[in-house]
Amino acid sequence: MSRKRIFIAINPPLQIKKSISNYYKQWPELPIRWTPIKNIHITVLFIGYVQEEFIKDIVRICQQVAQETNPFEIHLSTISYGPPNNKLPRMIWLSGKAPQELILLSEKIKEELLKQPAFKYWRPEERNFHLHLTLGRLKMFEFRQMDFIPEVNEKVSFKFKVNGFEIMESNLKKSGAEYKIIQKIEFKI
């Protein structure tokens, strides 16, 4: 039986992704693998490996939750090292304050999935939702060898309206993750 690595994501408009990627040039001395423009996204909920036959349940639940969700706006304001509270950063990310609608969307999908028999052993992440897009992952061995760590704390302003989200599949490869949209889900209008 085939299993797929699934997550729920919001993909910013292409123009926003291109504008964000312009910041990649700002820290040429950092040993980092930048996220390809097409892969820039906000993870709403990481589900993990799922039997292919249960993806239809995820689609159904997401469509149901989407009908109870109004469009909302995302505002991203800071490029910095992440995650916070780590002694040594692992990435550079673009973050902002999560709107309440986004937190509720994540929680509601999680809550509805846990009601399904197929997900009774699923253990969702327990940490609080932190709105961010991963811009790049640091090459840790080289990063630790650096004599001088440049400051990364850039105030920016990216805003966009969210009218829905995507159910995504992640294929992990040596060259990095490849993402595929399984289903686009629209909010009620």
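The values are calculated or read from the model by the stated rules, or taken from the named source; none is laboratory data. Just so it is clear, the model here is predicted, and its values are computed rather than measured. Cβ placement follows ideal geometry from the backbone for every residue including glycine, while neighbour counts extend to all protein chains displayed. Surface areas here come from the heavy atoms of the whole protein model, side chains and all, with no ligands, DNA or RNA. Shrake-Rupley method; radii C 1.70, N 1.55, O 1.52, S 1.80 Å.
Selection over the stretch 109-121 of residues that are exposed (fewer than 12 other Cβ atoms within 10 Å of the Cβ) and either modelled with pLDDT of 90 or more or touching a strand residue (DSSP E or B) at 6+ places or on another chain (Cβ under 6 Å) (or both) gives a count of 1.
Only one of the numbered conditions (1) over 22 Å from Lys184 (Cβ atoms); (2) in contact with a helix residue (DSSP H, G or I) (Cβ under 7 Å, 6 or more places away or on another chain) is not met by Gln26, and that is (2). Contact map, the stretch 95-117: first residue more than 20 Å from Tyr49 (Cβ to Cβ), second residue assigned to a helix (DSSP H, G or I) and open to solvent by less than 30 Å² (accessible area, probe 1.4 Å), Cβ cut-off under 8 Å, separation 6 or more or different chains; pairs are Leu105/Val65; Lys108/Val65.
Being assigned to a helix (DSSP H, G or I), among the basic types (Lys, Arg), more than 26 Å from Tyr23 (Cβ to Cβ) and open to solvent by 30 Å² or more (accessible area, probe 1.4 Å), is that true of even one residue in the stretch 122-131? Walk me through how you get there before you give the answer.
Of the stretch 122-131, the ones assigned to a helix (DSSP H, G or I) are none.
Scanning the stretch 122-131, I find no residue that is assigned to a helix (DSSP H, G or I), among the basic types (Lys, Arg), more than 26 Å from Tyr23 (Cβ to Cβ) and open to solvent by 30 Å² or more (accessible area, probe 1.4 Å), so the answer is no.
Exactly one residue out of Glu178, Glu151 is touching a Leu at 6+ places or on another chain (Cβ under 9 Å), more than 13 Å from Ile47 (Cβ to Cβ), open to solvent by 80 Å² or more (accessible area, probe 1.4 Å) and not aliphatic (A, V, I, L, M), and it is Glu178.
Remark: Lys159 matches the filter, which requires a residue to be at pLDDT 95 or above and open to solvent by 30 Å² or more (accessible area, probe 1.4 Å). Pairs are defined by a Cβ separation below 6 Å, a sequence spacing of at least 6 or placement on different chains, a first member in the stretch 147-174 that is closer than 16 Å to Ser95 by Cβ, and a second member that is part of a loop (DSSP other than H, G, I, E, B) and open to solvent by less than 20 Å² (accessible area, probe 1.4 Å); the pairs so defined are Phe160/Pro12.
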